[in-house]
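Reviewing the structure listed below.
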Amino acid sequence: MAEEITSIEELKRAQAAAQQQGTSITNYSEWESILEDFDIAGIQSTGTYAGDVKLHNQIMAQVEDMIAETVEEQNAQKVQPQHDELTKTDQKTAQDKEQVVKANVVNATSSTIMADYMKYYHLLS
């Protein structure tokens, strides 16, 4: 094929011409699919099947890399809140332990004060 095919319409016309001569364009369906992807994405065709396949593969590799990066970022963001929750829980647990210690000291002190008061009360009576 001497002419370049840069759109689906041109590819269809070339396929129709080839069928009239009793042949067909090699990899017509795959090329048509690639040209459809290019139309959707607004990408210019290279004009040849080999060039379009190469360009399509490069673009798909870039898209897959971007998806992988996005997934990694999302996973990293999911791990961070869990870590934050654990830190908050640890802080609350530490605060609870501190409150228990304070309560025990207060109870012991008040018990001692009460016991001393009762001793003095009985001595005075």
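Peptides 87-100, 11-24 ranked from most to least packed give 11-24, 87-100, packing being the mean of other C-beta atoms within 10 angstrom over each peptide's residues. Ranked by the mean number of other Cβ atoms within 10 Å of their residues, highest first, the peptides 29-36, 105-112 come out as 29-36, 105-112. Counting only C-alpha contacts under 8 Å and six or more residues apart, can you give the relative contact order of the stretch 8-90 as a whole percent? Over the stretch 8-90, the number comes to 18 percent. For the stretch 8-90, the residue among 26, 47, 70 whose Cα projects farthest onto the positive side of the dipole built from Cβ charges is 26.
The alpha-carbon of residue 78 sits under 24 angstrom from the alpha-carbons of these lysines, leaving out residues fewer than 8 places away in its chain: 88, 92. I'd like the distance between the alpha-carbon centres of the stretch 5-62 and the stretch 91-112, rounded to an integer number of Å. The stretch 5-62 and the stretch 91-112 have Cα centres separated by 77 Å.
Computed from the coordinates by the stated procedures, all read-outs in this text should not be read as laboratory data. Note that this is a predicted model, so its numbers are computed, not measured. Glycine gets a Cβ as well: all are built from the backbone with ideal geometry, and neighbour counts include every protein chain shown.
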